[in-house]
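The values are calculated or read from the model by the stated rules, or taken from the named source; none is laboratory data. All values reported here derive from a predicted model rather than from experimental measurement. Methodologically, a virtual Cβ is constructed for each residue, glycine included, from the backbone with ideal geometry; neighbour enumeration extends over all protein chains shown. These accessible areas exclude ligands, DNA and RNA; they are computed on the full protein's heavy atoms, side chains included. Shrake-Rupley method; radii C 1.70, N 1.55, O 1.52, S 1.80 Å.
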Amino acid sequence: MTGSIYQKINLIRQKIPDNVKLIAITKQVGIEPMREAYAAGIRDFGENRFQEALSKQQQLQELADINWHFIGHIQKNKAKKIIENFAWIHSVDSLVIAQRLNRLAEELNRKPQVLLQVKILPDPSKYGWCATDLLQDLEQLNQYQYLNIQGLMTILPLGLSSVETLNAFQETQNLAKKIRQKKYSNLTMEQLSMGMSGDYLLAIEAGATMIRLGRIIFGERSI
Ligand SMILES: *Cc1c(COP(=O)(O)O)cnc(C)c1O
């Protein structure tokens with residue numbers, strides 16, 4: 001797509017409902033393009049590497065109303081800093097990490113908003129729960145009172161057709177519904193973070209409440 005970041009964001013906005021949160025994914029994106037996205041009204045930014053994110057947060061300190069989203073795999077030794085520096089954590093991908101975050105959140109007296117990362121289709125290259133394992137872990141997750149468990153996040157494997165993509169997003173929605181029906185007090189499951197540059201319209205069709213867009217706003221990444 002050609003055009004300025006401002007134009008790209010406005011074109012995307014025209015295609016998505018107002019209640020879908022557009023998160024600009026800025027991994028490997030510099031500060032100036034991020035400022036442009038902010039000027040176009042973006043207030044949600046997502047990063048997958050802690051160090052890179054922290055450096056950008058420092059450089060953009062004066063933009064105090066940004067909500068920062070962490071979308072990468074959480075290394076044990078970064079968990080505390082991630083709680084301190086991000087409003088949302090989309091990538092809670094195992095019971096071990098959930099337990100650690102809960103303990104650290106208690107120590108810090110915080111209650112971070114988190115999403116549980118699910119692999120709705122098998123994908124050896126990705127982290128996350130498969131649906132069966134997640135259902136087994138719910139009882140335990142519900143005990144983690146210092147985590148605000150708001151929903152699910154998913155990333156689909158590469159190379160799916162549109163039909164397969166839509167089906168996979170709908171399955172994620174169904175899984176969230178199934179969890180809601182169990183009425184766990186601490187698992188609200190109202191947010192579905194799904195959809196990237198190539199598939200966000202299908203994700204919205206299946207009920208995404210948050211979409212995570214990088215390339216379609218900022219162009220191709222170098223690696
Ligand atoms: C990079 C990334 C995105 C954005 O992907 P694009 O294809 O650039 O839109 C979304 N979610 C996660 C978890 C990512 O790592």
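Within the range 129-151, restricting attention to residues that are assigned to a loop (DSSP other than H, G, I, E, B) and of a type outside the set (Phe, Trp, Tyr), which residue is farthest from LYS119 (Cα to Cα)?
Looking at the filtered set, the residue picked out is GLN145.
Hey, among LEU121, LEU156, which residue is assigned to a loop (DSSP other than H, G, I, E, B), closer than 24 Å to ILE74 by Cβ and within 12 Å of the ligand (Cβ to nearest atom)? Give the steps one after another, and end with the answer.
Details: LEU121 fails: within 12 Å of the ligand (Cβ to nearest atom).
On inspection, the qualifying residue turns out to be LEU156.
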ask   = Restricting the search to the range 163-179, which residues are open to solvent by 80 Å² or more (accessible area, probe 1.4 Å) and either acidic (Asp, Glu) or touching a Ser or Thr at 6+ places or on another chain (Cβ under 8 Å) (or both)?
value = GLU164, GLU171
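Out of curiosity, is ILE216 within 12 Å of the ligand (Cβ to nearest atom), open to solvent by 10 Å² or more (accessible area, probe 1.4 Å) and part of a helix (DSSP H, G or I)?
Values: within 12 Å of the ligand (Cβ to nearest atom): yes; open to solvent by 10 Å² or more (accessible area, probe 1.4 Å): yes; part of a helix (DSSP H, G or I): yes.
So ILE216 fits the description; yes.
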request  = Go through the range 180-199 and give me each residue that's more than 16 Å from the ligand (Cβ to nearest atom) and either part of a loop (DSSP other than H, G, I, E, B) or loosely packed, with under 14 Cβ neighbours inside 10 Å (or both).
outcome  = GLN181, LYS182, LYS183, TYR184, SER185, ASN186, GLU190
query = Of the residues that make up the range 101-111, is at least one within 16 Å of the ligand (Cβ to nearest atom) and in contact with a Phe, Trp or Tyr (Cβ under 9 Å, 6 or more places away or on another chain)?
reply = no
remark   = Conditions (1) away from the ligand (no atom under 16 Å from the Cβ); (2) open to solvent by 80 Å² or more (accessible area, probe 1.4 Å); (3) over 30 Å from GLN7 (Cβ atoms) -> GLU205 fails only (3)
